[in-house]
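The values are calculated or read from the model by the stated rules, or taken from the named source; none is laboratory data. Computed from a prediction, not measured in an experiment: that's the story for all the values here. All Cβ positions, even for glycine, are placed from backbone atoms using ideal geometry, and neighbour counts span all protein chains on display. What goes into the accessible areas is simple: the full protein's heavy atoms, side chains included, and nothing from ligands, DNA or RNA. Shrake-Rupley method; radii C 1.70, N 1.55, O 1.52, S 1.80 Å.
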Amino acid sequence: MRPLRSAACTLIFVLGAACAPLAAAQVVTSSLMLPVDGLVFAPGQGYENVVLTGRVHVVTQVASGQTCIPTDPCRTFIDLADVKGVGLSSAGTYIAIGAANASCAAGVPCAAAFTIMPVAIPPSPVIPPSPIMPITFAVNLGFDQTGHLSASGTSVHLPPATCSPTIDC
């Protein structure tokens, strides 16, 4: 019985010593709602440019003392909030949906892919568009001295629209 107690005590000591640095590190969690608006190309079945507007919710988790550089990225969660738009050619309504988890660094654009699709009365039977093509938003992170997201340094950029004789701009 004594060797078992000794082994248990040793195991508890080793686990406690290994977890102490993790417990000591403070994690700073911050979030921002950023406006997004602009002209994008909807690569799905409509093949038209869409004027999008809405908000992007960005949440970061940074360990205290972490610098969020490319070799030491931050945990980043990005999701869309009420992003919708209107097709320039069809005047149809579009929505953009999705969420992304990424490891991003300050000063380096973080790419997050979302789905943009037309909203219409579905045919019977309902067949999703094939393929469902994503659009990629670029999120630039900016932090203050405490590790919180900075509203002045964080921004969202939409991919450029495609213009041609057959696609309105």
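It is to be established whether one or more residues within segment 148-160 are in a loop (DSSP other than H, G, I, E, B), at pLDDT below 70 and surrounded by 10 or more Cβ atoms within 10 Å (Cβ to Cβ). Before the answer, list the steps.
Kept after step one, since they are in a loop (DSSP other than H, G, I, E, B), are these residues of segment 148-160: 148, 150-154, 158-160.
Narrowing the set further to residues that are at pLDDT below 70 leaves none.
No, segment 148-160 contains no residue that is in a loop (DSSP other than H, G, I, E, B), at pLDDT below 70 and surrounded by 10 or more Cβ atoms within 10 Å (Cβ to Cβ).
Could you grab the pairs with beta carbons closer than 8 Å, sequence gap of 6+ or different chains, first residue in segment 135-149 and free of Cβ contacts under 8 Å to residues at least 60 places away in the same chain and more than 23 Å from ILE97 (Cβ to Cβ), second one open to solvent by less than 50 Å² (accessible area, probe 1.4 Å) and assigned to a strand (DSSP E or B)?
GLY142/LEU149; GLY142/SER155
Any idea which of VAL86, VAL40 is open to solvent by 70 Å² or more (accessible area, probe 1.4 Å) and either modelled with pLDDT of 90 or more or not in a loop (DSSP other than H, G, I, E, B) (or both)?
VAL86
For the subset of segment 109-129 comprising residues that are aliphatic (A, V, I, L, M) and at pLDDT 85 or above, which member is most open to solvent (accessible area, probe 1.4 Å)?
ALA111
Please find, among ALA105, ALA99, the residue that is small (Gly, Ala, Ser), within 30 Å of VAL27 (Cα to Cα) and at pLDDT 85 or above.
Residue meeting the stated conditions: ALA99.
Can you name the residue in segment 51-70 that is at pLDDT below 90 and either in a strand (DSSP E or B) or of a type in the set (Ser, Thr, Tyr) (or both) and is also nearest to ALA96 (Cα to Cα) among such residues? If you could, list the steps in order and put the result at the bottom.
The initial filter retains those residues of segment 51-70 that are at pLDDT below 90, namely 61-70.
If we keep only those that are either in a strand (DSSP E or B) or of a type in the set (Ser, Thr, Tyr) (or both) as well, we get 61-64, 67, 69.
Working: GLN61: 25, VAL62: 28, ALA63: 31, SER64: 34, THR67: 32, ILE69: 30 Å.
So the residue we want is GLN61.
Mind listing just one residue for me: the one in segment 89-102 that is free of Cβ contacts under 8 Å to residues at least 60 places away in the same chain and over 10 Å from the mean Cα position of the chain (by Cα) and, of those, surrounded by the fewest Cβ atoms within 10 Å (Cβ to Cβ)?
In the first step, residues of segment 89-102 are kept if they are free of Cβ contacts under 8 Å to residues at least 60 places away in the same chain; the result is 90-102.
Still in the list and also over 10 Å from the mean Cα position of the chain (by Cα): 90-97.
Values: SER90: 15, ALA91: 8, GLY92: 16, THR93: 13, TYR94: 23, ILE95: 17, ALA96: 25, ILE97: 12.
The selected residue is ALA91.
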